[in-house]
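Scroll down for the structure; my scribbles are underneath it.
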Amino acid sequence: MTTDIPQRKIIHIDMDAFYASVEQMDNPELMGKPVAVGGGSERGVVAAASYEAREFGIRSAMSGILARKKCPKLIFVKPRFDRYKEISNQIRNIFFEYSDLVEPLSLDEAFIDVTENKKGNPSAGNIAKEIRQRIFDEIGLRASAGISINKFTAKIASDINKPNGQKTIKPNEVIPFLEELPIEKFFGVGKVTAKKMNSLGIFKGADLKMKELNFLIQHFRKSGKHFYNIVRGIQHTAVQPNRIRKSIAAENTFTEDIINEDEIIERLSSIADELERRMKKSDVKGKTITVKIKYNNFTLQTRSKTLVDYVNIKRDFFTTIVALINQEKIQKPVRLLGISISNLDTLEMMGNYSQLKIKF
């Protein structure tokens with residue numbers, strides 16, 4: 001390892017099939033059965049799938065129709081996000097008993113920096129095991145964990161022994177691990193990027209590591225430097241316990257396509273009501289208004305405008321939404337509409353850490 005890389009003890013906790021597992025826990029009749037959270041109708045989409053459903057190839061974001069074809073006995077359950085948030089808060093409270101440096105990524109996963117922890121436990125692996133056991137004993141759900149020197153490697157590690165397992169990648173193991181890792185397993189490398197890397201002769205970490213920085217920047221722009229660093233175990237981003245969201249959004253997918261502009265404005269008005277509620281609940285205001293339009297051929301269009309003043313009340317931003325819709329006539333049937341407000345009146349909280357030499 002390079003000596004100037006800050007080494008921390010980072011745990012990434014990832015709940016196993018969280019939404020589906022909550023439904024199975026709350027309804028024992030669903031235990032051991034293929035369950036999908038989401039909609040099974042023509043417009044429905046799978047939000048999450050139980051491990052029993054995943055054996056049939058069911059995955060999140062899959063259409064409900066395709067999911068039913070793959071698994072005729074698939075049981076669809078409507079999502080209950082208030083319930084998932086309630087349980088997520090219970091899990092998070094367990095995290096805070098070990099460290100104040102907790103960075104949630106979503107309802108079902110978070111980073112925890114336990115370099116200096118409240119339990120005085122020198123073993124990050126033992127802490128992760130204890131946290132997972134407590135989640136099961138106190139809540140009834142299973143979780144997996146990854147432990148390493150930075151967030152990137154810890155997140156990859158949490159997926160290795162899923163479900164209900166954990167993996168520690170020690171400081172001296174990071175580079176060999178990353179060199180052997182298939183490129184598509186790198187967090188942040190999607191199908192398109194992986195395909196492009198393959199075309200450049202990059203199939204695993206060792207291939208990526210052989211490429212010079214200028215080469216990676218030439219082909220992947222600003223992501224090139226990121227790829228250059230992470231394959232060398234270099235990631236200085238600290239766990240950010242006060243990470244503040246950069247935008248707030250609300251959207252709706254319709255059971256039937258719409259094309260009438262009056263109906264589009266009416267639907268956007270309802271979405272704006274929900275967005276106002278979320279803005280007030282989060283106690284934030286923003287300047288940049290964006291309208292999202294997804295057509296029935298799944299093409300996506302966004303239209304944005306930045307205002308002079310911060311807003312969070314519908315009457316102050318809805319006229320802008322109407323103006324954005326009227327910029328250009330909508331000529332195709334619309335299946336989804338959404339509104340987001342960004343450029344919020346908040347600042348990203350960043351942490352600075354000194355270099356540490358530690359044992360895992």
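Just so it is clear, none of the values below were taken in a lab; they were calculated from the coordinates. These numbers come from a predicted model, not from an experiment. When we count neighbours, we look across all protein chains shown, and the Cβ atoms used for this are built from the backbone with ideal geometry, even at glycine.
Here are the numbers for the structure shown:
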| quantity | calculated |
| --- | --- |
| Whole-Hz couplings from phi, Karplus 6.51/-1.76/1.60, listed for region 99-109; x for Gly and Pro | 7, 7, 8, 10, 10, x, 9, 6, 5, 10, 8 |
| Region 1-73 versus region 157-209: alpha-carbon centroid distance in Å | 22 |
| Two-decimal log10 I(q)/I(0) for region 178-230, as the Debye equation yields it once each C-alpha is a single scatterer, q = 0.14, 0.29 Å⁻¹ | -0.27, -1.36 |
| Nearest-0.05 FRET efficiency for N172 and R43, computed from C-beta distance (R0 56 Å) | 0.65 |
| Sites F215 and K69, calculated FRET efficiency, Cβ-Cβ separation with R0 45 Å, nearest 0.05 | 0.55 |
| Matching label, Cα Rg over 2.2 N^0.38 Å computed from the structure shown, candidates [x] 1.10; [y] 1.05; [z] 0.94 | [x] |
| For V45, distant residues with modelled amide H under 5 Å away | G39, G64 |
| Among K305, K281, K211, residue whose mean-square fluctuation peaks in a GNM of the chain (springs only between Cα atoms under 10 Å) | K281 |
| Contact order normalised by residue count of the chain, Cα under 8 Å, 6+ apart, percent | 17 |
| Cut-off 13 Å between beta-carbons: net charge of the residues surrounding E274, Lys and Arg +1, Asp and Glu -1 | +3 |
| Proxy reagent accessibility, fewest Cβ within 10 Å first, across F177, F95 | F177, F95 |
| At R0 = 22 Å, FRET efficiency that the Cβ-Cβ distance of L300 and Q327 yields, to 0.05 | 0.85 |
| Added length on full extension, which subtracts the Cα-Cα distance from 0.36 nm per residue, D207 to M31 | 59.0 nm |
| Highest-first arrangement of 51-57, 12-18, where packing means the average Cβ count within 10 Å | 12-18, 51-57 |
| Cα radius of gyration and Dmax for region 129-276 (Å) | 21.1, 62 |
| Over region 21-86: Rg over Rh, Cα atoms, Kirkwood Rh | 0.95 |
| Crossing angle, helix 81-96 versus the chain [Cα axis fit, 0-90 degrees, rounded to tens] | 20 |
| Relative contact order of region 64-165, defined on C-alpha pairs under 8 angstrom at six or more residues apart (%) | 16 |
| Neighbourhood charge, 14 Å Cβ-Cβ cut-off, centred on G140 and excluding it, Lys, Arg +1 and Asp, Glu -1 | -2 |
